[in-house]
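Encoded as structure tokens, the structure appears first; notes follow it.
Read-outs throughout are calculated quantities, based only on the coordinates presented, and are distinct from any laboratory measurement. As the structure is a prediction and not an experimental result, all values here were calculated from the model. Virtual Cβ from ideal backbone geometry, glycine too; neighbours counted across all protein chains shown.
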Amino acid sequence: MQERLIGDVRVTRIEEIMGPGFPAKDFFPEFDAETFKSHEHWLAPTYYQPESGKLIASIHSWLVRTPHHTILIDACSGNHKPRPAMPRFDMLDTPYLDRLQAAGVAPEQVDFVMCTHLHVDHVGWNTRLQDGRWVPTFPNARYVMSRTDHDHWAAEAKRPETAAYQVNTYNDSVLPVVEAGKAEFVADGHQCDACLTVRPTPGHTPGHIRVDLASKDRRAVFSGDALHNPVQVPLWQWNSRFCEDPAQARRTRGELLAHCAETRALLMPAHFAPPHAAYIKAKGDAFELDWDRG
Ligand SMILES: [Zn+2]
């Protein structure tokens, strides 16, 4: 299990799923075969599977151990959750909690769970099934989420035209922690630990947040789904089809990459395949990856 030391903070990736996901041509609304082909030599086979045309995605949490707190950033998809029409996330049974334990953390030891946004693959382990009820997986944790995103998805869950998997996601993975009084609704500048700061990164969802880590002279950015696949560094104008506000998502992605380049912050997204994190170099208005191979 790869562990990174960023200043005084230990960061460990906790894997839920790794493998081929959506076809690239369906995933990016701006997909252009020729442009994509020009990147295939470095994307395949780690980030793209040529034989199937699918992007390789990792679904993981970042376990962040500061001198004072144990924090999980993003909570993956969870086990035993009905996700109609979303086979990748439907009724999973993964050893995610065993992997967390192997990293040295029991559910009782988690102080905060931070959700960059409230999509299906970021809130699942907020809860687990116990005697037919969804209960908080981490009994001593506060669950940190953006007020804007919460209110948006709470309203969506009540609309009859909302996809069933999204309704279920709110009702089985967000609502139970709200009802248990364990949710903290936050906005720009919130700190649950002195070295972690919430910043708004809207576009993928209305209240999407990133979490900035600063410890000693080192920096990292947990960027959630501001981008999904490393091809979106050189092709930073390409959105995912799940970005709710395409123009805003594009603006946010450009600002995020510029910020990482300027501050030498390690970019730690929610879905990059190995080595899962990279530094960013700016060249004019273009960006390049500088992988952190540890
Ligand atoms: Zn995601």
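As a test of the definition: which semi-axes, in Å, follow for region 142-294 when you take the square root of five times each eigenvalue of its alpha carbon gyration tensor? Largest first, please. Provide the component values of the computation, followed by the final result.
On the way: eigenvalues 160, 73, 33 Å².
Result for region 142-294: semi-axes of 28, 19, 13 Å.
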- Message: Once each part is reduced to its C-alpha centroid, what is the distance from region 63-118 to region 157-201 in angstrom?
- Response: 14 Å
- So for the chain, taking the charge dipole from beta-carbon charges (+1 Lys/Arg, -1 Asp/Glu), which of 132, 231, 192 sits furthest toward the positive end? 192
- Note on the structure: The farthest towards the positive end of the charge dipole of the chain, of the residues 153, 60, 118, given +1 on Cβ of Lys and Arg and -1 on Cβ of Asp and Glu, is 60
- Taking a label point 7 Å from the Cα of residue 156 along the Cα→Cβ vector, which residues of region 217-231 have an amide N closer than 20 Å to it? 223-229
- Please get the size of the charge dipole for the chain, origin at its Cα centre, with Cβ charges of +1 on Lys and Arg and -1 on Asp and Glu, quoted in debye to the nearest 20. 320 debye
- Taking 0.36 nm per residue of separation between residue 101 and residue 80 and subtracting their Cα-Cα distance, the length gained on full extension comes to 5.6 nm
- Query: Say a paramagnetic label sat at a point 7 Å from the Cα of residue 108, along Cα to Cβ; which residues of region 62-77 have their backbone N under 17 Å from it?
  - Reply: 70
- Query: So if we plug the beta-carbon distance of residue 191 and residue 44 into 1/(1 + (r/R0)^6) with R0 = 51 Å, what FRET efficiency do we get, rounded to 0.05?
  - Reply: 0.80
- Query: When DSSP assigns beta bridges and you keep just the ones with both residues in the chain, what percent turn out antiparallel, to the nearest 5?
  - Reply: 75 percent
- 5 angstrom amide H check on residue 219, placed H, neighbours 5+ away: 266
- Query: Given the C-alpha centroids of region 212-235 and region 241-294, what is the distance between them in whole angstrom?
  - Reply: 5 Å
- Once label points are set 7 Å from the Cα along Cα→Cβ at both residue 255 and residue 91, what is their separation, rounded to one decimal in nm? 4.3 nm
- Note on the structure: With Cα springs under 10 Å, the Gaussian network model of the chain assigns the largest mean-square fluctuation among 35, 12, 46 to 35
- Note on the structure: Placing each pseudo-label 7 Å from Cα in the direction of the beta carbon, residue 52 and residue 199 end up separated by a distance in nanometres of 3.4 nm
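Taking 8 Å as the Cα distance limit and 6 or more residues as the minimum spacing, I'd like the relative contact order of the chain as a percentage.
Numbers: 642 pairs, mean separation 48.8, N = 294.
Answer for the chain is 17 percent.
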- Points 7 angstrom from Cα along the Cβ direction at residue 33 and residue 247: gap in nanometres? 3.1 nm
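For the chain, what D do you get in µm² per second when you plug the Kirkwood radius from alpha-carbon pairs into Stokes-Einstein at 37 °C and 0.692 mPa s?
Estimated diffusion coefficient is 172 µm²/s.
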